[in-house]
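Contents: one structure, followed by commentary.
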Amino acid sequence: MTTESISLTVNGQPRRMDIDPRTLLVQLIRDHLGLTGTHVGCDTAQCGACTVHVDGRAVKSCSILALQADGTEVTTIEGLATGDELHPMQQAFRDCHGLQCGYCTPGMVMSAIELLKHNPQPSEQQIREGLEGNICRCTGYQNIVKAVQQAAGA
Amino acid sequence: MKRDLPASAVRTGAVGAALPHDSAHLHVAGAATYIDDIPELAGTLHIAVGMSTVARGRLVAMQLDRVRAAAGVVAVLGHADIPGEKCIGPVKHDEPVFAIDRVEYIGQPLFAVVATSLEAARRAARLAQVTYEEEPPILDYDDAIRANSHVLPPLTLVTGDAKAAIAAAPYRLSNRLLMGGQEQFYLEGQIAYACPREDGQMLVYSSTQHPTETQFTVAHVLGVAPSQVVVECRRMGGAFGGKETQAAYFAAVAALAAAKLKRAVKFRADRDDDFMLTGKRHEFRADYEVGFDASGRILGLEMTLASRCGWSADLSGSVNDRAVMHVSNAYHLANVTIRSLRLKTNQQSANAFRGFGGPQGILAGEHVIDDIARHLKLDPLAVRKANFYSADPSSPRAMTHYGMRVEDNVILELVTELEASSEYARRRAAVDQWNAREPLIKRGLALTPVMFGISFTASFLNQAGALLHVYHDGSVMINHAATEMGQGVYTKVAQVVAEEFGLQVRQVRITATDTSKVPNTSPTAASSGADLNGKAAQAAAREIKARLAAFCASTHGFDAATVEFRDGRVMAGAWERPWEEVVRAAYMARVSLSSTGFYSVPKVGFDPATLKGRPFYYFAYGAAVSEVAIDILTGESRLLRVDVLHDVGRSLNPAIDRGQVEGGFVQGMGWLTSEELVWDAHGRLRTHAPSTYKIPVSSDVPEAFKVSLWERGENVEDSIFRSKAVGEPPLMLASSVFLAIRDAVAAARGGVPALDAPATPERILLACSAGPAA
């Protein structure tokens, strides 16, 4: 197996390693770095459970190669909190019961943060359309939308 | 959001509080451990299965040399490698773990590849050269009926004389409704991680709703006693019924490989493989003739409910039984014959999915009501009211067609309240005015009730156990039979324990469901998790309280009956001490601080041969009004507004219950609108990924989604703190979406529309395009 060298920053920590060039970003995050908060839901870039930030943009990490993230700054769900203090979006999902089984939650939180970055005061319809790339099978989305509204007001 | 509770139920405020899910702080931080997140033991191997590419036929030969030689492959396992039972299944053992001499669906496992990575296993599995002697697959209802192909023999429920009642009725009609299946699409796919232990024991981490059945399946396949096997499940990333029976397969195959190779083995199904391997909600066809009077009241009903059960029996018996019973929904049926056909077809084995036959039975019944209303040109709501069960339990109209008397009927009261709060009458007129004015966008409105029976119809399953430890510093650990799949049962049971001890919920540690802690568990299914396990945990807590009370009474010389546990203190009259101090003193005096708890549901008993008896402890009630718009040129539909009023009794946790109502409704809406499963003529499932299978997303749900828990709700039976089960019933509120679409189609073309479920744009367009019916 040939390997390629990759350097990137994950949750503020510089990382350098040699990987199989076919390694997906989600595999690098979960299997190589042990950051298992990023989940694999559908394996095919549809459900959004594996969403992370690459240079501040929300990316479904099962849909890109790790090598495509070479030289970038990656943030996963584990990188959002400051010590014990949750990111306002994390806090909002907890406060508003924006989760049930919790499997989609990390990806949903990452997408929601990016949504507010581009549109800090979205309408309800804009929130609903902005989260179309993330499937939640449990909640019916009502409390997820409320969580994003709370975070936008925070 | 917090609701008032009677004084008898409120002490610490633990029960009835809108507390967040017990793992919410972990979920938002990515710190909740699912099975794929457990750090792997060194040398862990991975599994993929080779699947049949033929839907029906004889397995002639399998050439697996190329599979064995592929990179990373450690072993290839087939039926000959199974030391114990080669066939599994929850009721009938009719599912070979690996095909033996025949194949019965496209996707059926033929062999397992164990490799150093999941990718290596999946690549290798595709290198098999398999020779089949193909036979034409049985897929269609009529083909199965003609071929006498059944997973279980036909069954008929008879009450009164339907034929005579229909013949004598002033009005009659007949019709057919097709209902599609539904993929559970739990976000976390099927997964099991098997770790061999010393002396032939096996620990399996399984994403399962039924740890005991998983334990027994593993033991049977390995040929060992179930006491050799421990199954643990801390949480599932969704299940919805899909992990009630089907999880056992993944656990058994992982354990088989682990036992054989003496290494830890993980079996995580890739999403595509999961779709192809595992079952879905049953597809149903309802054919009926109904006789009725001028008010729309049903006088007689004959129905044939046929379901496509797939290749094996699984739980199809119970699913179809529930469908037969729920045809009545909230309506009295005096003269009924319902024939139940559980057809064997060459597809994935249809299995449990939230509602468990109830949704199909209820939709069939509601379709009958809707037909009658359209035939008589009456408002369907008026016809519904004309048919409701009587609220007087002594009335003959309070008797169900399966012989159970309805003693808790609140449907008219609840529907009347929703009718007013949703402004049904005003909006009915507004929709009619819109439709008179607008040629291309038609609107529809429907109010449908739900009356859902709570209990396992297999009466023996209505039991639960709990294990409660109080450590001598006063900290508390609860373990019970229910599994957590997001529905919040762990939170609710912890609330019950905290309530009993007068502690804060955060003082109660909830631990993973584990067959070595609580044995002989029933599946977490039938909406029963909190009902059964809340009671079992309560029994355990009351046992420990009784011991502590007796200890305090004997030490201090007062009556044990006067001892109370509240606000973190133990008190009797003027005497009181902190909980921790009393626990410590009891420990020093050698009082046992650990107890099991057990609960068995009273009153239920049911004969599955005649479908008569009391299958349910009580009923959960609800109703929804949906308003939709359809575009008659494209067939697109949109839900504009929905109002829900749902009875959860006295809620254990209104935040969790509201989430169940909202989530259940949207899942039901998906079943009836966008989620379409398509098998081709060869029996190959063509919709096996989210790219082709459309689950509702956030923008499919309207802003106007008004959900209320019924303030007057209270369980008349002695359920846990008078609450009601909430897992499944709300899903069936979505019948209102389907019937609102049907209403809009009727506005487009007049008459009685021919619209099957799911109401995809294609079906809506076809229904609108057909000429006006008589």
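The values are calculated or read from the model by the stated rules, or taken from the named source; none is laboratory data. What you are looking at is a predicted structure, and each value in this text was computed from that prediction instead of being measured. Cβ sites come from the backbone with ideal geometry, for glycine too, and all protein chains shown count toward neighbours. The protein model used for the area step is the full one, side chains on, heavy atoms only, and it has no ligands, DNA or RNA in it. Shrake-Rupley method; radii C 1.70, N 1.55, O 1.52, S 1.80 Å.
The order of B:Arg146, B:Arg742 by accessible area, most exposed first and with a 1.4 Å probe, is B:Arg146, B:Arg742. The helix-based estimate of mean residue ellipticity at 222 nm for chain B, built from -39,500 (n - 2.57) per DSSP H run of four or more residues and divided by its residue count, is -9000 deg cm²/dmol to the nearest 500. Helices that extend 24 Å or more along their long axis by alpha-carbon positions and average at least -0.5 on the Kyte-Doolittle scale are, among the DSSP H runs of chain B, B:358-376, B:529-556, B:654-672. Roughly how tilted is helix A:105-118, in degrees to the nearest 10 and between 0 and 90, from the longest Cα axis of chain A? Roughly 80 degrees between the two axes. Keeping the other protein chains in place, figure out the carbon and sulfur percent of the accessible area of the protein assembly as shown, with a 1.4 Å probe. Solvent-exposed carbon and sulfur of the protein assembly as shown make up 51 percent of the total.
Can you classify region A:88-153 as rounded, prolate or oblate using the Cα gyration tensor, where a ≥ b ≥ c are the square roots of its eigenvalues, rounded means a/c under 1.5, and otherwise it's prolate if a/b beats b/c and oblate if not? Since a/c reaches 1.5 and a/b is larger than b/c, the shape of region A:88-153 is classed as prolate. In terms of its alpha-carbon gyration tensor, the protein assembly as shown comes out rounded; the largest-to-smallest axis ratio a/c stays below the 1.5 threshold. Working from Cα pairs under 8 Å separated by at least six residues, relative contact order for region B:463-600 is 36 percent. Counting only aspartates and glutamates at least 8 places from B:Lys377 when in the same chain, those with an alpha carbon closer than 15 Å to its own are B:Asp293, B:Asp432, B:Asp743. Taking every alpha-carbon pair under 8 Å whose residues sit at least 6 apart, chain B reaches a relative contact order of 15 percent. Using label points projected 7 Å from each Cα along Cα→Cβ, tell me how many nm separate B:Arg426 and B:Ser592, to one decimal. Reported label-point gap for B:Arg426 and B:Ser592 is 6.3 nm. Taking K and R as +1 and D and E as -1, what net charge do the other residues with C-beta under 12 Å from the C-beta of A:Ala58 add up to? Residues close to A:Ala58 contribute a combined charge of +1. What net charge is computed for the residues neighbouring A:Thr2, neighbours being all others with C-beta under 12 Å from the C-beta of A:Thr2, Lys and Arg scored +1, Asp and Glu -1? Counting the neighbours of A:Thr2, the net charge comes to -2.
For the listed peptides B:225-235, A:45-55, B:531-541, a ranking on the average number of other beta carbons within 10 Å per residue, highest first, reads B:531-541, A:45-55, B:225-235. Its DSSP H runs of at least 4 residues, each contributing -39,500 (n - 2.57), put the calculated 222 nm mean residue ellipticity of chain A at -8000 deg cm²/dmol, to the nearest 500. Label-to-label distance for A:Asp18 and B:Ile100 is 5.1 nm, based on points extended 7 Å past Cα in the beta-carbon direction. Normalised per residue, the accessible area of the protein assembly as shown is 34 Å², obtained with a 1.4 Å probe and no contribution from ligands, DNA or RNA. Based on C-alpha pairs under 8 angstrom that are at least 6 apart in sequence, chain A has a relative contact order of 24 percent. What residue among A:Ser61, A:Ser123, A:Ser111 has the largest mean-square fluctuation in a Gaussian network model of chain A, using Cα springs under 10 Å? Among A:Ser61, A:Ser123, A:Ser111, the largest GNM mean-square fluctuation belongs to A:Ser123. What is the sum of charges around B:Leu414, taking Lys and Arg as +1, Asp and Glu as -1, for the other residues whose C-beta is under 10 Å from the C-beta of B:Leu414? For residues surrounding B:Leu414, the net value is -3.
Of the beta bridges in the protein assembly as shown, as assigned by DSSP with both residues counted there, near 80 percent are antiparallel.
B plus A alone minus the pair: what accessible area, both sides summed, probe 1.4 Å, in Å² to 100? Chains B and A together bury approximately 3900 Å².
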